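What follows is calculated from the coordinates using simple rules that are stated; it is not laboratory data. The shown structure was predicted, so the numbers you read here are calculated from the model rather than taken from an experiment. So basically every Cβ, Gly included, is an ideal-geometry build from the backbone, and we count neighbours across all protein chains shown.
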Amino acid sequence: MQITKQADYAVRAVLHLAKMEPDDRASTAGIAKQERIPSSFLAKIISQLSIAGIIQTTRGAKGGVVLAKKPEDITLLDVVESIDGPIALNECVLHENVCAFDQECPIKQVWCDAQAELVAKLRATNFASFL
């Protein structure tokens, strides 16, 4: 399993914002340059993070981007799922009866356990832990 490049960029953008002073605002151009994220790609990411309530954006001369929550209240899971949707190691983990072997599959429990561990780790890791 690999998160998308877009989710990786989103994590980097949120970490960038988490490192800022509480009253500071960042421009999307500044984030893009410092984090080496293509500007056009970052615009879409910023929009998705804003919809998810992770960041706030303000237009105008004194505008910019800030975190909508404290870094300790934003988890890696929040950011990744706001971009990629629910984490699923295999389709059968999220949906019943998508596989002809669903009821007798000896591997399904391994997928379920591994996913649960991954989700728990991402949920337990907040952005304050990186500061």
Tell me, in nm to one decimal, what length is gained between ALA100 and LYS19 on full extension, where the rule is 0.36 nm per residue of separation less the Cα-Cα distance?
-> 24.3 nm
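Any chance you could run the full-extension gain for LYS108 through LYS121? It's 0.36 nm times the residue separation minus the Cα-Cα distance, nm to one decimal.
Details: separation 13, 0.36 × 13 = 4.68 nm, distance 2.01 nm.
My answer for the length gained is 2.7 nm.
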C-alpha long axis of helix 39-51 to longest principal axis of the chain, angle in ° | 70
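From the P(r) of segment 29-93, can you give the percent of Cα pairs sitting at distances over 13 Å? Could the numbers behind the result be given before it?
On the way: 1446 of 2080 pairs.
It works out to 70 percent of all Cα pairs.
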Count the lysine pairs in the chain that are 8 or more places apart or on different chains: how many have C-alpha atoms under 24 angstrom apart?
-> 22
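Hey, got a sec? Which GluC sites (Glu not before Pro) in segment 84-131 land in a DSSP loop and have at most 14 other Cβ atoms within 10 Å? Walk me through the numbers on the way to the answer.
Numbers: sites: GLU91, GLU96, GLU104, GLU117; in loops: GLU96.
Passing both the DSSP loop test and the Cβ count: GLU96.
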Trypsin sites (Lys or Arg not before Pro) within segment 1-93: DSSP coil, no more than 10 neighbouring Cβ in 10 Å | ARG36, ARG59, LYS62
Size descriptor, Kirkwood hydrodynamic radius, that averages inverse alpha-carbon separations across the chain, Å = 16.1
Could you work out the relative contact order of the chain, using alpha carbon pairs under 8 angstrom and six or more residues apart, expressed as a whole percent?
-> 29
